[in-house]
Amino acid sequence: MPPSDPALSRKVSIVGVGETDFGADYQAERKRPEGWVPPTEESLLTNAFERALADSGLSREDIDGVTCSFTYGGPPAEEVAKMLGIKARYAEANGNIMAGPLPTACAAIAEGKADCIAMVFAVASRSAGRLFGGMTHSTGGVPDPDGEGGAPASYYYFHPWGWSSQAAHWALIFAHFQWKYGVGEEDLYHVAAQVRRHAMARDNAVMRKELTLEDYLASRYIVRPLHLFDICIVNDGAVCLIIRRADLAKGLAHVPVDVAGWGYSKIKQNKMHTMVREQLRPQLQAASTDALAMAGVTLDQIQHFEGYDASSFHLINQVEGIGFTPPGTGLAFCKDGQMTVGGRIPTNTSGGNLSHAYMQGWSQVVQAVRQLRGEAGQYQVPGIEVSMTNLAQTDQTHPIVYVRGDR
Amino acid sequence: MSGETADGPRYIGPKRPDRTLGGNHDTFWDWCGKGELRLQRCGNCNHLHWPVTVRKCESCGEQAFTWEPMSGRGKVVSWTTFQQDYYRGLMAVPYDTILVELDEGPLFMSNPQGFSWQDLSPEMPVKLAFLDAEDSAGTFKLPVFERG
Ligand SMILES: [Zn+2]
């Protein structure tokens, strides 16, 4: 991913977005009606691309670049370009989670490698039955990932004690937070419930039933102290973003959304300490400061935030860590309505990874675009001009700042 | 089979998911086999490592390690209890894990021995013990922690 650089700010605009039918596809996979065919990365990404193309109002010939992001496998970028009928002079596989891919594609446009890129992400992890823990794809039988002198990438070393999964990271952080700040599981409930309320207003959300405190507390634990509803859903889907040189992005179907700034920071040592005791705050501070500086805006000007709610509590890590509310106050902040429209920072207004769809950070970008265009419906932030997304893994964080391109 | 008992601490069996082995990892487990918890200390910057460092110091990048014995004393920093069966029946759920801050500094992921999550309190003192365990590479001694 290219470093933060004010010279790259606002050089590229998002001009089209497309998503698959997350909720309907999820229900179909659960019910598996007669004749149901499991989706593939290819079928999903084609659907998302056609929708993004229609949304942009551009024609296929306007697109001269493709990037592909697949969580598991998938065809090479050149093949995807052919499949989509795009004559691509730039075709790259470009990471998977929404972190590096967007800044990297923006830099490619700034370097003249393409003028207009269709960025596709697709994942079929639900129908493939992926488990996000144990001796599975990311850990079992692979070469030692601790090659480049960093903290270990994952729970790779802790298998003999039975400690694994992304969920366990967030549970470990929350259990420590509970002791430190004297909060209970019922305090955490408000995060899952708030995100769920946002999802209930979205037609294509996977989870659209109101989440009561009773439902929440009665749900099974995944890794105590986190319940089922504290962990992101696993669903199939695809997202496509069409991005274009900013000077070519005016007069299209929608107000362009400019990519204004980005940042990146990773834990360099003592991962457990930084993760559990500091909730990734040093990284969140450093990366968001860089992203805001590149964009030329202040934190006070951010009017909407889409965080990476891999778990309910991880969203609080980000809201506190970036500085929307002081450390230790995030749960009260949420309960008080500060994370929805009318509060300080409307957050995950589409329903996030917890309730809308788990698209590894890509649908957060789509929601930022919808907010900045004024298309966010019931949870539209009035008068919004600046939005921020953030993808945060266990040891690193990647904020991106967007502004309406008509400013 | 369930790891939960009605009124006593739960017992986690000897069958375990596979260790990371090879190179420095083998050295770590060899010391465990002798009843010692030893971690790598950087001879250049003094940084004490956990998990095992394969190539170079995470702090200064040098490769001059000594295997330093730990006192085996520590305190509980956090905990998690697994209900989800991530290891497909290999370990009976639910079972507890604790994050222990060793007196020497590093945070060490482990299991409680002889107590469970209901007994935990912040900064609760614990002390090292070894459990006879087994994975697909054979039997080994697993460092766990008792009430200190
Ligand atoms: Zn060193």
#### Entry: Residue satisfying condition, being more than 16 Å from the ligand (Cβ to nearest atom), β-branched (Val, Ile, Thr) and open to solvent by less than 20 Å² (accessible area, probe 1.4 Å), within set B:VAL144, B:VAL93
B:VAL144
### Message
With at the interface with chain A (Cβ under 10 Å from one of its Cβ atoms) and open to solvent by 40 Å² or more (accessible area, probe 1.4 Å) as the only criterion, which of B:GLU62, B:GLU123, B:GLU68 stands out?
### Response
B:GLU123
### Query
If you check B:PHE82 against the conditions, is it within 16 Å of the ligand (Cβ to nearest atom), without any contact (Cβ under 8 Å) to a residue 60 or more places away in the chain and in contact with a helix residue (DSSP H, G or I) (Cβ under 9 Å, 6 or more places away or on another chain)?
no
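Per-residue answers, yes or no, for (1) over 22 Å from A:HIS227 (Cα atoms); (2) modelled with pLDDT under 95:
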residue	(1), (2)
B:LYS34	yes, no
B:TRP50	yes, yes
B:ARG55	yes, yes
B:VAL77	no, no
B:LYS127	yes, no
B:ALA133	yes, no
### Task
Within segment B:39-70, track down each residue that is over 12 Å from B:PRO106 (Cβ atoms) and away from the ligand (no atom under 15 Å from the Cβ).
B:PRO69
### Query
Give me the pairs: first residue in segment A:334-346 and part of a loop (DSSP other than H, G, I, E, B), second residue basic (Lys, Arg), beta-carbon distance under 8 Å, and six or more apart or on different chains, which are they?
A:GLN338/A:ARG344; A:THR340/A:ARG197
#### Entry: Among (1) away from chain B (no Cβ under 14 Å); (2) modelled with pLDDT of 95 or more; (3) not in a helix (DSSP H, G or I), the one test that A:LYS250 misses
(2)
### Query
Mind checking which pairs have a first residue in segment A:81-108 that is under 17 Å from A:VAL366 (Cβ atoms) and a second that is open to solvent by 40 Å² or more (accessible area, probe 1.4 Å) and of a type in the set (Lys, Arg), Cβ under 9 Å, 6 or more apart or different chains?
A:CYS106/A:LYS11
### Neighbours by Cβ (under 9 Å, 6+ apart or cross-chain): first from segment A:167-189, facing another protein chain (nearest Cβ under 8 Å); second surrounded by fewer than 17 Cβ atoms within 10 Å (Cβ to Cβ) and polar (S, T, N, Q)
A:TRP179/B:SER121
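The values are calculated or read from the model by the stated rules, or taken from the named source; none is laboratory data. Quantities reported herein were computed from a predicted structural model and do not represent experimental measurements. Neighbour counts are summed over all protein chains in view; Cβ atoms, including those assigned to glycine, are modelled from backbone coordinates with ideal geometry. Please note that ligands, DNA and RNA were not included when accessible areas were found on the heavy atoms of the full protein model with its side chains. Shrake-Rupley method; radii C 1.70, N 1.55, O 1.52, S 1.80 Å.
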